[in-house]
Structures are given as structure tokens and as C-alpha cells.
Amino acid sequence: MILLTKMIFIWILLLFACHEVKNVEVDPSKTIIWGPGLKPDKVTMRARYIFLQFVDTEGKNLTESPGEDMINVSIQGQSSTGHACHIWTQILDCKDGNFIIRYKLHNTCFNLKLKIGLKQRNLPILSLEAKEPAYEEECYCPNPDIDNWLENFECTKNYTQIHNDLADFIDVDFDKIRKDIVKAYDRPGSISLCHYVVKSNKIFRECHGQHVGFKIFMDSILLSITRKVILPDIEFFVNLGDWPLVAKNGKNYPIFSWCGSYDTKDIVMPTYDITESSLEAMGRVMLDILSVQGNTDTPWEKKIDKLFWRGRDSCRERLDLIDISRKYPDLFNVSITNFFFFKGEMDKYGPGQSHVSFFNFFKYKYQLNIDGTVAAYRFPYLLAGDALVLKQESKYYEFFYNDLVSGKHYIPVKSDLSNLVEQIVWAKNHDEEALQVIKSARQFVRDNLLPHNILCYHVALFYEWSKRLKSEVKILDNMEEVLQPKHSCKCYDNNRNLKEEL
């Protein structure tokens, strides 16, 4: 009876808290607004987006959702034929006082007008009109000024990882090392490599290896970038595999890779996974950094007080995780979803469990980022959610890892997972500290890992790389051109006059 009375009391308190949050007095004039979607005629992306941070009448940022039906959004424009533009709009409630407005243009829009207001009181928050045409993603209308493009996208001016990766490369002469690179990594069964040239903003490549299907990801980012900005002529090699290739003490070959390690010196790019999700948001991918923030619907106090994990059997530590979880079932909900590397141990660690939607991961308070074959590429999405991320210490890293602060953006766990239980217990007893880590992680994502940040990193990397090339960039005989998709689109100058065909 006492327990039932206590539960009813807690339930009433939660209802009252939710009621207070949803009826909080929002001051629309103090709303903090930012994002590349505010410059639709300067920033071309498949999905443009705007962040809104609501502020109350006392000037305090809201930290909980004021209600899903808070915002009224109107985005309108005219096509070149005078008809209404086809625009898809989406509102994402991050449940932390922030909203994300995303919109996708299906054709070039003139006089694009964007209005945002409070729905219930019909009060305006934002009203803007683009001065120039806003292009859809497929338009080939590149900005001829790369510095202007970087400024429009508000790209970071200093990238520590790029500086570190390129520090040893000065006056790179591909005429002297081109054949040596191909020869050094000519292992078709285990290594796949693509040699790229961007010349006069056209893309050419020649691939080496048995499994070169992942070239589509490199093709996609290069095609997207060259539609937006004219890149300098460059030449580079891309590793299509997971493992970084260039040994720390080996020859200084410039190989671009999606993953780095402390044992190697590859030039690190954003992974194919986060790159694709950034390019295809509101398109053919469901999971992206913004959708994660808008689909975490379980409040912290209602989340299950356990660590959640699902994944393949890609390393021994993942099997060790299953062993640990069986000793402490009250702390874990973890399972292997697919056996490939350790099929012989399936009876002990299986059977494989069915797939769980990534959004449902965040019904749990604690998430684990543990290596697969290399760094686990889900890490950015975990940081974007509203759960506490515990990260295994590892020699592998992605392009942004060195900007993270252990204890501020995630809780560290030893590589052998020997202190994993201890860290979960600490988190269970330190709710306020855990929530601050979650807040810091989300802010890091919003500052560094949004789709426009991924485009910025690639362009900044290629731009810096171009300054270090000594040999003439030339198209070799065996290279094939990677063609832009056929798309009918006209380019206009600042006065909306039709520009000469590029």
C-alpha cells in the first residue's frame, strides 16, 4: 500500500512538471536562432536546417520541450516558371528547449520567404526573404571563390586534425611516388585503393583492388562539393577499407582514410557513414545527426536505468561485454546481433538478437561506444542523443576524436572493459553530472558534426592539400570520369540574370 501511494505521488509530480514545462511563458523576441538554413541562397544542401533555442520571459534558456505543437512554419517561393516551389518541411523537437526546422527544395526557388512563429499566440519569431535564387542540391552552380564559400558556410578557420595530418607533407611530387603507392598496396584480396584527380572541377579516378564498391561514397562527396564550389586541382589516394594503411614508421605516403590510429599516419576524413547521412538527410537515409536529436522521446526520469548496446561480433571485447552483462543483469541490456568473426562461439554468446531501431537505443540511460573492426562509426549519433555515452579507450579515432574531452563529452572506459561496471555505478549515483555530460556532448555535436560541418571539413582538407602539391595535376590514361548526374538547372548571377553555361 505504501509503495502504491509513493508511485501515485511520483506520477502526480511528473504530470505537474510536464504541465509546467508545456505552459511556460516563451518570449519569442529572445529566441536564439542559428543554422545554415538562414542563408538558403548562400548555402546549398539537400536539407537546409535552422535551430531554435527558446527562452522564457525571465531570459532563461528552456531545457525541456515547451510542447511539440509550439511552432508554425511557412516556407514559400516561386519556381522559374512562376509556380509555387515544391518544398518539404520538417519540425524536430529535441526535447531540450531546442527545435530543428529542416526543409528540402525540389527545384530552384526565387523570392524564398521563410516565416516562423508561435502557433498558439500567433507571434512572429523570424521572417526572412532570400535575395538571390536558392538552388536544389542537384544544381551544378559552383561558387568560383572557395574562401567565400567557406565563409558562407561559416566553416571553422583552424582544423587541428587537418594541420596534424598534413604537417609532414610539403611539396608532394606524385610523379615520384604515384607508382610506388600503387605497388606498396597492391594486395587485391585485402586492400582496395582509389586514385582520384580533380581537374578543372571535374572528377577522375582509377581504382585498385578486388572490393572497390565503397568508391560510391567518395564519388558522392566529391560530386556534391564540386556542384557547390570550384575546388583547386588536386590529386590523392583514398583507402576504401576500414583499417588505416600507412605505418607510423613507414614511408610517408599520403593516403586518405576514414579512420586513423596511433599506429598509423593516414590523412583522416569524415567516415563514409556520417558523410552519406549528411548528404542524404531528408533523402534516402533515415538516420542522421539531426534526426537522432529529434527522435529521442523518452525523458531522462523515464529511461530504463541500464546500459544498452547492440552490434556485431567484430572484436573480442564485444564478446567480453556479454560475459560481463551476464554477471550484472541489472545493469545491462546487451546482445550480439550477427555472428561473423566468432561463429564458432555462437553457442556461448548467441543466439544473435534481432535488429533494434537506433532511436530506441535512447529508451535507456547509458550507451556504450565500443570498437568494431576499427572505431565504431555510430559514435557521432550516440553523442547526438540524450543518453550518457561511455566510450572504450582505443587506438582508433575518427576526424573529430581529438577535439573531445574525456569526462566532459563522454565517460571513459578502459579498453579491456575492466572498469565498465564501476563507471555505470558511478553514473547511476551522479545524475546531475551525467546530465551535464549529455548536454556538453550534444553541444559538441551541434558545433562540429552537423551536415554543413562535414562539408566544411572535406573542402578545408582538399583546399589545404592543394597547397602542398608540387607536381602538376594531370589526368592519367587509365582514369575514368565520374560524371555529375543529369539534372536540368539554370544558374543565375547576383542580379538573377541567367549565367553562361558552366
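The values are calculated or read from the model by the stated rules, or taken from the named source; none is laboratory data. It should be emphasised that the depicted structure is a prediction, and the values quoted were computed from it without experimental measurement. Don't worry about glycine lacking a Cβ; one is built from the backbone with ideal geometry, like all the others, and counts go over all protein chains shown. The protein model used for the area step is the full one, side chains on, heavy atoms only, and it has no ligands, DNA or RNA in it. Shrake-Rupley method; radii C 1.70, N 1.55, O 1.52, S 1.80 Å.
Summary of computed values
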read-out	value
Distant-in-sequence amide H partners of residue 469 (H built 1.01 Å from N, under 5 Å)	172
Whole-Hz ³J(HN,Hα) from phi, Karplus 6.51 cos²θ - 1.76 cosθ + 1.60, for region 138-150, glycine and proline x	7, 5, 9, 9, x, 6, x, 10, 5, 5, 5, 4, 4
Loop sites in region 235-330: trypsin sites (Lys or Arg not before Pro), DSSP, at most 15 other Cβ within 10 Å	248, 251, 284
Shape category assigned to region 390-452 from the gyration tensor of Cα positions, a/c cut at 1.5	oblate
The chain, helix-only ellipticity at 222 nm - DSSP H runs n ≥ 4, -39,500 (n - 2.57), divided by all residues, nearest 500	-8000 deg cm²/dmol
For region 270-422: rounded, prolate or oblate by the Cα gyration tensor [a/c cutoff 1.5]	rounded
Angstrom value of the Kirkwood radius, inverse mean 1/r, which spans all Cα pairs in region 152-225	14.9
Solvent-accessible heavy-atom area per residue, rounded to whole Å², over region 255-315 at 1.4 Å	31
Magnitude of the charge dipole, region 211-344, Cβ model with Lys/Arg +1 and Asp/Glu -1, debye to 20	240
Relative contact order of the chain, defined on C-alpha pairs under 8 angstrom at six or more residues apart (%)	14
Simple Cβ-charge dipole of the chain, Lys/Arg +1 and Asp/Glu -1, about Cα centre, in debye nearest 20	520
Stokes-Einstein translational diffusion, region 98-226 - Kirkwood Rh over all Cα pairs, 1.567 mPa s, 4 °C, in µm²/s	66
Tensor-based shape of region 446-494 (alpha-carbon gyration tensor, a/c under 1.5 rounded, otherwise prolate or oblate)	oblate
Base-10 log of normalised Debye intensity for region 108-163 (one unit scatterer per alpha-carbon) at q = 0.26, 0.27 Å⁻¹	-1.08, -1.11
Kirkwood-based Rg to Rh ratio, region 352-502, C-alpha trace	1.14
In Hz, Karplus ³J(HN,Hα) per residue of region 294-299 (6.51, -1.76, 1.60; θ = phi - 60°; x = Gly, Pro)	x, 10, 9, 9, 9, x
Residue (of 261, 208, 172) at the positive-pole extreme of region 149-264, dipole from beta-carbon charges	208
Solvent-accessible area per residue for region 321-377 (1.4 angstrom probe, square angstrom)	49
Within the chain, percent of DSSP bridges classed antiparallel, to nearest 5	70
Dipole in debye (nearest 20) - region 85-176, about Cα centre, beta carbon charges: Lys, Arg +1; Asp, Glu -1	1080
Under the Karplus curve 6.51 cos²θ - 1.76 cosθ + 1.60, θ = phi - 60°, whole-Hz ³J(HN,Hα) for region 243-258, x wherever Gly or Pro sits	6, x, 10, 8, 4, 4, 9, x, 5, 8, 8, x, 10, 8, 9, 7
Nearest-0.05 FRET efficiency for residue 173 and residue 34, computed from C-beta distance (R0 45 Å)	0.55
Projected label distance in nm at residue 467 and residue 89, using a 7 Å step from Cα toward the beta-carbon	4.2
Mean Kyte hydropathy of 0.0 or more with a Cα span along the axis of at least 27 Å, helices from DSSP in the chain	2-22
Carbon + sulfur, % of accessible area of the chain - ligands and nucleic acids excluded, 1.4 Å	50
The chain - Rg and Dmax from Cα coordinates, angstrom	24.7, 83
Calculated over region 56-131: convex hull of Cα atoms, volume per residue (Å³)	99
Distant-in-sequence amide H partners of residue 207 (H built 1.01 Å from N, under 5 Å)	195
Region 135-241 - accessible surface per residue (Å², probe 1.4 Å)	45
Reachable lysines, given that their alpha-carbon falls under 20 Å from the alpha-carbon of residue 60 and they are not under 8 places away in the same chain	22, 30, 95, 439
